[in-house]
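Here is the structure we will look at.
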Amino acid sequence: MSRVRARTHDRSQRPPGTAPRPCDHPDCTEQGDYRAPRTREALNEYYWFCLDHVRSYNAGWDFFRGMPPDEIERWRRADVVGGRPSWPLGARGPRYLQFGTEDLRDAIKRFFAGAADDKPQPRRILTPEEEALAVLDLDARATPAEIKTRYKELAKRHHPDANGGDKAAEDRLKLINQAYTFLKNLRTTARQTADAE
């Protein structure tokens, strides 16, 4: 069995707790529970009608009555964007940005680099040891025990079984294994060389 829905236009629009008012239609003795705008210019000022009279008032209401066609079109277009001003994309740029594209690039360079004509510093190429330490997120002072602890932690975190067989986690684990093996062999070789001397 379907539920009968209440029709919202049949509900009283009178604010709760306010005294009932008579219908504004002449010769009507019913309560005026339904509001209707008085004029196009005063949409927040209302007549209060009974249900029958608000229906007849709304049936005859025409917001655009007496308005010239060009003004109706202007209202229609403004209503598309909720009455807010609108303009084509990029149309406001030159008016609000008082400098050209090159000036903007120079300003951004000065902001981030300190001066417009600064050349970016070349990046230093990392040694294989620095790359391996970067994979494990360690610095050059890391001891073999710290490297091993970090390797175990990362291996648990990125193991495919812990990540539902994720391919990216598996690839990351391969890099971690290679970095750890490289560092372990490097530290072992360095220790053997120090012992031989």
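The values are calculated or read from the model by the stated rules, or taken from the named source; none is laboratory data. Given the structure is predicted, the values throughout are model-derived calculations rather than measurements. Every residue, glycine as well, gets a Cβ built from its backbone with ideal geometry; the counts of neighbours run over all protein chains shown.
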Looking only at segment 167-184, which residues are exposed (fewer than 15 other Cβ atoms within 10 Å of the Cβ) and in contact (Cβ under 8 Å) with a residue 40 or more places away in the chain?
-> Q178
Criterion: surrounded by 10 or more Cβ atoms within 10 Å (Cβ to Cβ) and modelled with pLDDT of 90 or more - qualifying residue of R92, R77, R55 | R55
Taking first residues from segment 146-166 that are assigned by TED's automatic domain parsing to the domain that holds L183 and surrounded by 13 or more Cβ atoms within 10 Å (Cβ to Cβ) and second residues anywhere that are outside any helix (DSSP H, G or I) and at pLDDT below 90, the pairs with Cβ under 6 Å that are 6 or more apart or on different chains are R150/L136; R150/L138
Residues in segment 129-145 that are over 41 Å from the mean Cα position of the chain (by Cα) and not in a loop (DSSP other than H, G, I, E, B) total 3
Tally, over segment 129-145, of residues that are loosely packed, with under 13 Cβ neighbours inside 10 Å and either of a type in the set (V, I, T) or touching a strand residue (DSSP E or B) at 6+ places or on another chain (Cβ under 6 Å) (or both) | 1
